[in-house]
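Since the structure comes first, as structure tokens, the remarks are kept for the end.
The values are calculated or read from the model by the stated rules, or taken from the named source; none is laboratory data. Small disclaimer: the values here were computed from a predicted structure and weren't measured. All Cβ positions, glycine included, derive from the backbone under ideal geometry; neighbour counts span all protein chains shown. Note: accessible area is taken over every heavy atom of the protein model, side chains too, but ligands, DNA and RNA are not part of it. Shrake-Rupley method; radii C 1.70, N 1.55, O 1.52, S 1.80 Å.
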Amino acid sequence: MGSDTPIISVIVTAYNRKQYLPHALRSLEMQTLPKDRFEVIVVKNFEGRESDEIIRRNGWKNIVTDVVPLGGKIAIGLEEASGDIITFLEDDDMYREDRLSHVKELFSATPGLRYFHNEQEVIDEAGRSLGYHGSPHSDLTLRLPPSELACWLTLVKPGGFHNNSSIAVRREVLDDSLALIRSMSASVDLAVMAAALKETEGLMLLSGLPLTYWRVHRSATTPHLYSTRSGDMASSLRALARTYYLWALDAHLVKSYLAGTTCERYAEHLEAYKAVEVASMPSWAPGLRLTVMLCRGLRQASRLRRLGSVSARNYLVMVADSFMSKAPDRLRELYWRARWLARRQTIKEGREEMRLRSRLTG
């Protein structure tokens with residue numbers, strides 16, 4: 001690769017959310033990595049005076065398209081990208097100013113590095129910090145092809161692929177997975193992780209360093225419980241239910257893509273993950289004790305006056321049931337199994353609470 005060729009290609013995607021994109025683009029202007037060492041391709045469905053001015057003055061590529069699925073926009077960006085390292089930035093996220101320098105140094109120092117993922121600092125609509133998405137941890141290096149433990153850490157344990165804006169990957173990793181990425185409605189991060197897991201050699205690095213600002217807000221496609229701290233739990237839960245079915249379809253495609261690999265037995269968790277989360281069900285993990293994932297959040301949401309007489313839990317279960325009636329047979333089976341387990345767990349907790357009350361009143 002010549003000295004005039006950018007090392008890193010940043011693919012920025014935006015859909016309708018004009019208010020956040022300028023913040024994302026300015027975070028690229030503030031990068032400590034020299035401007036001639038990275039290129040930016042912006043793929044969006046609108047023209048915006050402020051965003052387009054930032055793109056123009058930096059000489060970045062500006063592509064306006066009516067393609068809706070995130071995977072389709074990413075595929076358009078990949079066709080324009082010339083860098084050896086591909087990284088992504090969604091319109092409502094931002095980079096820490098040293099992220100691209102950090103990515104460049106890591107990939108240059110480690111020729112065998114194929115996939116990189118960093119942690120995130122969570123921010124609200126106004127850019128105020130809400131803490132960190134994951135617990136602080138040391139960098140974790142995994143060898144490819146992945147071991148059973150590596151498959152579990154990346155597919156079952158949360159955080160291995162979360163957030164498109166926290167991923168960087170060598171271009172050749174994506175060459176054989178372009179069709180999968182193009183078919184993703186929203187879960188490009190999951191598809192890129194799956195592409196890396198199919199590599200026959202190299203390294204994956206899961207870093208505990210928060211190099212990305214992940215914004216949570218009402219129009220986000222992946223709402224999060226951090227929204228409770230900005231008073232937006234009810235709408236976040238509704239959005240979670242609305243976007244579940246798209247996740248289910250994406251996860252089903254990724255499961256098929258990983259068939260025949262070491263990670264095949266763990267890919268099934270992907271199909272059940274959002275089903276149990278949406279309906280406040282236990283997590284689906286053979287050999288592990290059941291845990292209630294959204295219990296506290298749902299209880300808080302049910303107390304919000306804006307929900308009226310309809311509890312958040314009942315609302316989500318109703319919507320999830322409707323989605324699951326159209327899901328593939330195996331996914332539907334896993335969902336109803338999780339529902340049955342959750343019902344049994346609820347009954348058990350109710351009995352324990354009654355026993356405790358009788359002891360206190362007796």
Fill in: Residue among Val12, Val40, Val64 that alone is modelled with pLDDT of 95 or more and over 22 Å from the mean Cα position of the chain (by Cα)
Val64
Worksheet entry | Cβ-Cβ under 9 Å pairs, at least 6 apart or on other chains, segment 173-202 side under 14 Å from Phe88 (Cβ atoms) and among the β-branched types (Val, Ile, Thr), far side open to solvent by less than 10 Å² (accessible area, probe 1.4 Å) and assigned to a loop (DSSP other than H, G, I, E, B) | Val192/Ser177
Discussion item. Which numbered condition in (1) more than 21 Å from the chain's Cα centre (by Cα); (2) open to solvent by less than 10 Å² (accessible area, probe 1.4 Å) is the only one that Leu78 fails?
Written reply: (1)
Fill in: Cβ-Cβ under 8 Å pairs, at least 6 apart or on other chains, segment 61-77 side within 11 Å of Ile11 (Cα to Cα), far side surrounded by 16 or more Cβ atoms within 10 Å (Cβ to Cβ) and among the acidic types (Asp, Glu)
Lys61/Glu39; Asn62/Asp52
Practice prompt. Please determine, by comparing only the residues of segment 98-119 that are open to solvent by 20 Å² or more (accessible area, probe 1.4 Å), in a helix (DSSP H, G or I) and touching a strand residue (DSSP E or B) at 6+ places or on another chain (Cβ under 8 Å), which one is nearest to Cys263 (Cα to Cα).
Written response: Leu106
Fill in: helices (runs of 4 or more DSSP H) wholly inside segment 120-216 that include at least 1 residues being touching a Pro at 6+ places or on another chain (Cβ under 7 Å)
188-197
Worksheet, complete the sentence: Picking from Leu209, Leu130, Leu144, the residue that is modelled with pLDDT of 95 or more, surrounded by fewer than 22 Cβ atoms within 10 Å (Cβ to Cβ) and touching a strand residue (DSSP E or B) at 6+ places or on another chain (Cβ under 9 Å) would be Leu144
Worksheet entry | Matching residues, segment 27-60, being in contact (Cβ under 8 Å) with a residue 60 or more places away in the chain and of a type in the set (Val, Ile, Thr) | Thr32
Worksheet, complete the sentence: Per the filter on segment 237-274, residues acidic (Asp, Glu), surrounded by fewer than 21 Cβ atoms within 10 Å (Cβ to Cβ) and at pLDDT 75 or above are Glu264
Practice prompt. Determine, yes or no, whether Thr87 is on the phi < 0 side of the Ramachandran plot, β-branched (Val, Ile, Thr) and open to solvent by less than 20 Å² (accessible area, probe 1.4 Å).
Written response: yes
Discussion item. What's the number of the only condition in (1) closer than 11 Å to Ile181 by Cβ; (2) at pLDDT 95 or above that Asp98 fails to meet?
Written reply: (1)
Worksheet item: For segment 37-47, does any single residue satisfy the condition of being surrounded by fewer than 21 Cβ atoms within 10 Å (Cβ to Cβ) and within 22 Å of Arg171 (Cα to Cα)?
Response: yes
Practice prompt. Go through segment 175-206 residue by residue and tally those that are in contact with a helix residue (DSSP H, G or I) (Cβ under 7 Å, 6 or more places away or on another chain) and of a type in the set (Lys, Arg).
Written response: 1
